[in-house]
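Here, each number is a calculation from the coordinates, and none is a lab measurement. The shown structure was predicted, so the numbers you read here are calculated from the model rather than taken from an experiment. All Cβ positions, even for glycine, are placed from backbone atoms using ideal geometry, and neighbour counts span all protein chains on display.
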Amino acid sequence: EKDRLTEFSRLFKKGFDIETIGRFVLGRYWRRATTEQKVEYQALFADFILTTYANRFRKYSGEQLLVDGERHANKRDTIVSSKIKSPEGRAVRVDWRVRKTGNDHKIIDVIVEGVSMAITQRDEFASVIRRGGGGVENLIAELQKKSSADD
């Protein structure tokens, strides 16, 4: 399990632009955060998102990833369309928003059956921030709790 998580972490960090996703997910609150809060948030977010995706992918066994096309979303992004097909034949549509960064391409969002994981996460984080009075510190405290609970 530890080796699987280590390998997943390596692939995740190589394939996903965690910093871009983190900024997007924080949304308008990014500008309100202090430099220290941004640094702490990004570290906590990276841990949170890695754990979240590792837990989701842990459930897969025997599925096939079938890539069936791509289309330009805008000047910077491409949507790669795919299906994850279960051994029983059920298929789930998964689109990957990919952005060229330097000489590489990185995933910046995963859209499952039309639902953006980045937008969903942004809405959840904004709710936590609003409940805490509008400051990023409440979200950071929540991410710290989740991080220490995972250890």
**Item:** For the chain, with +1 on Lys and Arg beta carbons and -1 on Asp and Glu, the positive-most of GLY62, VAL110, THR78 along the dipole
**Value:** THR78
**Asked** Given +1 on the Cβ of Lys and Arg, -1 on the Cβ of Asp and Glu, and no further charges, what dipole in debye does the chain carry about its Cα centre, rounded to the nearest 20?
**Response** 420 debye
**Asked** Residue-wise, which Karplus ³J(HN,Hα) couplings in Hz belong to segment 120-126, taking 6.51 cos²θ - 1.76 cosθ + 1.60, θ = phi - 60°, and x for glycine or proline?
**Response** 4, 5, 4, 4, 5, 5, 4
**Message:** Give me the percent relative contact order of segment 58-106, please, defined on Cα pairs under 8 angstrom at least 6 residues apart.
**Reply:** 30 percent
**Message:** What whole-number distance in Å separates the alpha-carbon centres of segment 17-43 and segment 126-151?
**Reply:** 13 Å
**Message:** So if a site counts as exposed when it's one of the trypsin sites (Lys or Arg not before Pro), its DSSP state isn't H, G, I, E or B, and it has at most 13 other Cβ atoms within 10 Å, what's the longest stretch of the chain without one?
**Reply:** 91-151
**Message:** Quick check on the chain: helices-only [θ] at 222 nm, where DSSP H runs of length 4 and up contribute -39,500 (n - 2.57) each and the sum goes over total residues. Nearest 500, please.
**Reply:** -17000 deg cm²/dmol
**Request:** Mind telling me which of GLU124, GLU63, GLU36 comes out most flexible in a GNM of the chain, alpha-carbon contacts under 10 Å?
**Result:** GLU36
**Request:** Starting at the first residue of segment 16-25, write each ³J(HN,Hα) from the Karplus equation 6.51 cos²θ - 1.76 cosθ + 1.60 with θ = phi - 60°, in whole Hz, x for Gly and Pro.
**Result:** 10, 8, 4, 5, 5, 4, x, 5, 4, 5
**Request:** In a Gaussian network model over the chain where Cα atoms closer than 10 Å are linked, find which of SER81, SER127, SER61 has the largest mean-square fluctuation.
**Result:** SER61
